[in-house]
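K.L.:
Right, I'll just put the structure down here and ask away after.
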Amino acid sequence: MDLKGDDVWKRAEADSPCIKLCTIHPTERICIGCHRTIEEIAAWGTMTPDLRRAIMAELPARAPRLTQRRGGRSARLTRPTRIKG
């Protein structure tokens, strides 16, 4: 049996949506990389292929929840500059 590379991890089931950008959004409580909840990520290995496929189908609809940002560089650039004097 050849165990080189990623062949050992390939199975006939729904792939993981993980893109290795694992950070949980503080208010939406979903991963900013794959859009799964913490509970879905934790249970992924024990889920049935049908349940995985159902979750995968829902993920694109979750993406817009993360597009609106209120802070950071983007917010600083759009605010009017105050002039003291």
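Read the figures in this text as sums done on the coordinates, not as results from a lab. Note that the coordinates shown come from a computational prediction; the quantities given were computed from them, not determined experimentally. In this analysis, Cβ positions are derived from the backbone assuming ideal geometry, glycine residues included, and neighbour counts consider all displayed protein chains.
K.L.:
Once phi is turned into ³J(HN,Hα) by the Karplus curve 6.51 cos²θ - 1.76 cosθ + 1.60 with θ = phi - 60°, what whole-Hz value does each residue of the range 51-58 show in order, with x for glycine and proline?
P.N.:
5, 4, 4, 5, 5, 4, 5, 7
K.L.:
Still on this structure, please answer the following. At what distance in nm do the modelled label points of A54 and I38 sit from each other, each positioned 7 Å from its Cα along Cα→Cβ?
P.N.:
With each label placed 7 Å out from Cα toward Cβ, I get 2.3 nm.
K.L.:
Report ³J(HN,Hα) in whole Hz for each residue of the range 23-34, in order, from the Karplus equation J = 6.51 cos²θ - 1.76 cosθ + 1.60 where θ = phi - 60°; Gly and Pro get x.
P.N.:
Listing the rounded values in order: 9, 8, 5, x, 9, 7, 6, 10, 5, 6, x, 10 Hz.
K.L.:
Rg over Rh of the range 16-66, using C-alpha atoms and the Kirkwood radius, what does it come to?
P.N.:
Rg divided by Rh gives 0.94.
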